[in-house]
1. Within the group 20, 77, which residue is surrounded by 14 or more Cβ atoms within 10 Å (Cβ to Cβ), within 30 Å of residue 107 (Cβ to Cβ) and without any contact (Cβ under 8 Å) to a residue 24 or more places away in the chain?
2. For residue 134, work out the one condition from (1) in a helix (DSSP H, G or I); (2) modelled with pLDDT of 90 or more it doesn't fulfil.
3. Looking at region 38-79, which of the residues that are under 24 Å from the mean Cα position of the chain (by Cα) and β-branched (Val, Ile, Thr) is modelled with the lowest pLDDT?
4. For residues that are assigned to a helix (DSSP H, G or I), over 19 Å from the mean Cα position of the chain (by Cα) and not small (Gly, Ala, Ser), scanning just region 80-102, find the one that is farthest from residue 31 (Cα to Cα).
5. Restricting to region 137-150, count the residues that are assigned to a loop (DSSP other than H, G, I, E, B) and over 10 Å from residue 168 (Cα atoms).
6. Cβ-Cβ distance below 7 Å, separation of 6 or more or different chains: which pairs start in region 161-173 with a residue that is on the phi < 0 side of the Ramachandran plot and end on one that is among the polar types (S, T, N, Q) and outside any loop (DSSP other than H, G, I, E, B)?
7. Name the residue that is nearest to residue 109 (Cα to Cα), counting only residues in region 122-166 that are exposed (fewer than 11 other Cβ atoms within 10 Å of the Cβ) and in contact with an Asp or Glu (Cβ under 9 Å, 6 or more places away or on another chain).
Amino acid sequence: MSGRASAARYARALLDVAIKESDPARVELDLAAFAELVAGNAGLRDALTNPVVPATGKQKVVAELLTRQGLKPPVSKLLLMLAERDRLSLLPDLLDVYRERLMEHQGVVRAEITVATEIPKDRADQLQRRLAAATGRMVTMTTKVDPSLIGGVVARIGSTVYDGSVATQLQRMREKLLQQ
């Protein structure tokens, strides 16, 4: 089984437990804090992901870090279990998948918006509201600029693309003119 698939199993189980016993958003913050600590310290990351280091040693290090950070169950239980099973290398993927599942649970979708020029905040907010109305869900939005669009907007929500760019409209007109 791939690392991403294993991480998905752990993330699904963690979300299920968090929904029943805890606050899923708080769990995400705790998991992210621990992942950030590990990612930000090369020596720690190497020690926790190195197969030569015994699992018992990793458990002790994780237990100490959990105490220092004040992390509580279910995150602390999961991290100790990952250390015991020598699966701490899954942490980045686990966090990514947990965030995806949490957003899905909360009814939130991600939208990637591409525009020709930077748009003002009020226009971005208006666009976000329209996308929320179109999808029937809350929308979190990231925006990037691509001058080749000439004008308009391209919105990607999951696998759906709404292309209202001037460049695409010009391309379609060109194709119609060439067909005649």
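1. Just a single option satisfies the conditions, and that option is 77.
2. Checking residue 134 against (1) in a helix (DSSP H, G or I); (2) modelled with pLDDT of 90 or more, the one that fails is (2).
3. 49
4. 84
5. Kept after step one, since they are assigned to a loop (DSSP other than H, G, I, E, B), are these residues of region 137-150: 137, 146, 150.
If we keep only those that are over 10 Å from residue 168 (Cα atoms) as well, we get 137, 146.
Counting residues in region 137-150 that are assigned to a loop (DSSP other than H, G, I, E, B) and over 10 Å from residue 168 (Cα atoms) gives 2.
6. Short answer, once both residue conditions are applied: 167/148.
7. Among them, the one singled out is 142.
The values are calculated or read from the model by the stated rules, or taken from the named source; none is laboratory data. Please read these numbers as outputs of a predicted model, since none were measured by experiment. Positions of Cβ are generated from backbone atoms using ideal geometry, with glycine treated the same way; all protein chains shown enter the neighbour counts.
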